[in-house]
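A short worksheet on the structure shown next.
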Amino acid sequence: MIDSINTLREYLSEKRKIVITSHRNPDGDALGSSLALMHYLQAKGHEVTVVLPSEYPDNFDWLHDVQSCVIYDVDKEAAKQHIEAAGLFFFLDFNSYDRIDPLKKFIEPNPAPKVMIDHHLHPDDIVDFSFCRTDASSTCELIYDFIDAFGEADTMDVKVADMIYVGVITDTGSFSYSTSAALYKKIGHLKDLGIDDYDLHDKIYNRMAIKNLQLLGHCLNNRMELYPEFKAGLIYLTKEDYKTYDIQRGDTEGIISYVMMLKDVKIAAFIREQPTLTKISLRSKGDISVQEIAKNHFNGGGHKNASGGMVYKKLDDAIAYFKRVLPRYTEKIKE
Ligand code: 5GP
Ligand code: MN
């Protein structure tokens, strides 16, 4: 029974077949944490595979060995085989089965121990051992803590350090939020270990195609609505926009943050029309919890100031729905 870091350490004293999984539409933290843990455990001699429900954005194709990830949407049989053969699971950067939906039916019946490393609010009770802290900046920060708990932070391979750095950067908006003195110390340590932070930033942020900048211009010029009475704003994208701007996975990342740059905006939404449903991303400043909005109205969740979800509604109805529920959450806003 794995119910502590010590029993896990003992379990890992034998070579294991390990599957690491993370959420659908993986972001920098999901990928960074999965690959960091993969490299760390592989170096200990385990057979480790990262199995993801859906593909990662092309702009992350430079992450160390990201091509080795098995993607369920691309190769269902391989994903199933790895999961069935696994003797240990790590769930990274998510805390409920609905975030890895198609994998649940293969993972849940496998009696192998399951470990969750995550920083989202309200985890489901689905694992044997949980290494979770909602005040952590990122799952990548928790991977650092996890390796530190094994007494191996000082001997961490630079590949592991690089991948940890990626998730910290992407989940804190380059150290804009969710930071702590402890986090900066850990990052200082990663720098001592040899990460090239300049190069990592360059790879994360300066790889845009022209169409991405044009899409941003389109969003700001034609798709932004502001509601000053609620200190709120939103950007939406239609199905046609997806075609016109050839929007691919990852291309809309970060657009919502432009609404948040407005001095008087405290809540922002980014609402996208998908083939069968409408996706929403939510951000807030200070005391307003968008996690509650995501959970109560959009079948989602996340963090207090950054959450997401979806509704089975057409775009116009989803926008109207958001505007209808918004006032309930803006009462707390102080002048
Ligand atoms: P983003 O808006 O960048 O996609 O996601 C922001 C945060 O909300 C992330 O922490 C992410 O895990 C969470 N999130 C986004 N979409 C969903 C969703 O559909 N369900 C849940 N539970 N969380 C989501
Ligand atoms: Mn995260």
Kindly check whether there is at least one residue in the range 101-109 that is assigned to a loop (DSSP other than H, G, I, E, B) and more than 15 Å from ligand 2 (Cβ to nearest atom).
yes
When you scan the range 85-100, how many residues do you find that are closer than 24 Å to Ala136 by Cβ and part of a helix (DSSP H, G or I)?
4
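Considering the range 169-202 alone, what residues qualify as being assigned to a loop (DSSP other than H, G, I, E, B), more than 16 Å from ligand 2 (Cβ to nearest atom) and on the phi < 0 side of the Ramachandran plot? Even if it seems obvious, please write down each step before you answer.
First, the residues of the range 169-202 that are assigned to a loop (DSSP other than H, G, I, E, B): 172-180, 193-196.
Those still in the list that are more than 16 Å from ligand 2 (Cβ to nearest atom) too: 193-196.
Within the range 169-202, Leu193, Ile195, Asp196 meet the criteria.
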What's the total number of residues in the range 137-160 that are surrounded by fewer than 24 Cβ atoms within 10 Å (Cβ to Cβ) and among the small types (Gly, Ala, Ser)?
3
Any idea which of Tyr242, Tyr205, Tyr258 is more than 16 Å from ligand 2 (Cβ to nearest atom) and in contact with a Leu (Cβ under 9 Å, 6 or more places away or on another chain)?
Tyr258
For the range 267-280, indicate whether the set of residues that are farther than 18 Å from Lys314 by Cα and out of contact with any helix residue (DSSP H, G or I) (no Cβ under 7 Å at 6 or more places or on another chain) is non-empty.
no
Can you tell me which residue is farthest from ligand 1 (Cβ to nearest atom) among those in the range 2-35 that are out of contact with any Pro (no Cβ under 7 Å at 6 or more places or on another chain) and of a type in the set (Val, Ile, Thr)?
Thr7
Answer residue from the range 14-39, given it is acidic (Asp, Glu) and in contact with a helix residue (DSSP H, G or I) (Cβ under 7 Å, 6 or more places away or on another chain) and is farthest from Val70 (Cα to Cα) among those
Asp29
Scan the range 287-300 residue by residue and report those that are within 16 Å of ligand 2 (Cβ to nearest atom) and out of contact with any strand residue (DSSP E or B) (no Cβ under 6 Å at 6 or more places or on another chain).
none
With His82, His64 as the choices, which residue is away from ligand 2 (no atom under 16 Å from the Cβ) and either closer than 17 Å to Met163 by Cβ or part of a loop (DSSP other than H, G, I, E, B) (or both)?
His64
Does the range 70-91 contain at least one residue that is under 19 Å from the mean Cα position of the chain (by Cα) and polar (S, T, N, Q)?
no
Only one of Asp128, Asp118, Asp101 is within 16 Å of ligand 1 (Cβ to nearest atom), among the charged types (D, E, K, R) and surrounded by fewer than 22 Cβ atoms within 10 Å (Cβ to Cβ). Can you tell me which?
Asp101
Any residue that is buried (at least 18 other Cβ atoms within 10 Å of the Cβ) and more than 18 Å from the chain's Cα centre (by Cα) - is there at least one of those in the range 50-69?
no
Could you please find all residues in the range 136-168 being under 14 Å from Asp93 (Cα atoms), out of contact with any Cys (no Cβ under 8 Å at 6 or more places or on another chain) and in a helix (DSSP H, G or I)?
Thr139, Cys140, Glu141, Ile143, Tyr144, Phe146
Of everything in the range 31-59 that's among the small types (Gly, Ala, Ser) and farther than 17 Å from Pro102 by Cα, which residue is farthest from ligand 2 (Cβ to nearest atom)?
Gly45
From the list His189, His201, which residue is surrounded by 15 or more Cβ atoms within 10 Å (Cβ to Cβ) and farther than 30 Å from Arg324 by Cα?
His189
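Yes/no matrix, rows are residues, columns are (1) in contact with a Pro (Cβ under 6 Å, 6 or more places away or on another chain); (2) surrounded by fewer than 18 Cβ atoms within 10 Å (Cβ to Cβ); (3) more than 16 Å from Tyr177 (Cβ to Cβ):
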position: Gly254; (1), (2), (3): no, yes, no
position: Ser257; (1), (2), (3): no, yes, no
position: Lys295; (1), (2), (3): no, yes, yes
position: Gly300; (1), (2), (3): no, no, yes
Can you find a residue in the range 204-224 that is charged (D, E, K, R), part of a helix (DSSP H, G or I) and touching a residue at least 60 places away in the same chain (Cβ under 8 Å)?
no
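Taken together, the values in this text are just the output of simple stated rules run on the coordinates, not laboratory data. What you are looking at is a predicted structure, and each value in this text was computed from that prediction instead of being measured. Neighbour counts run over all protein chains shown; Cβ positions are idealised from the backbone, glycine included.
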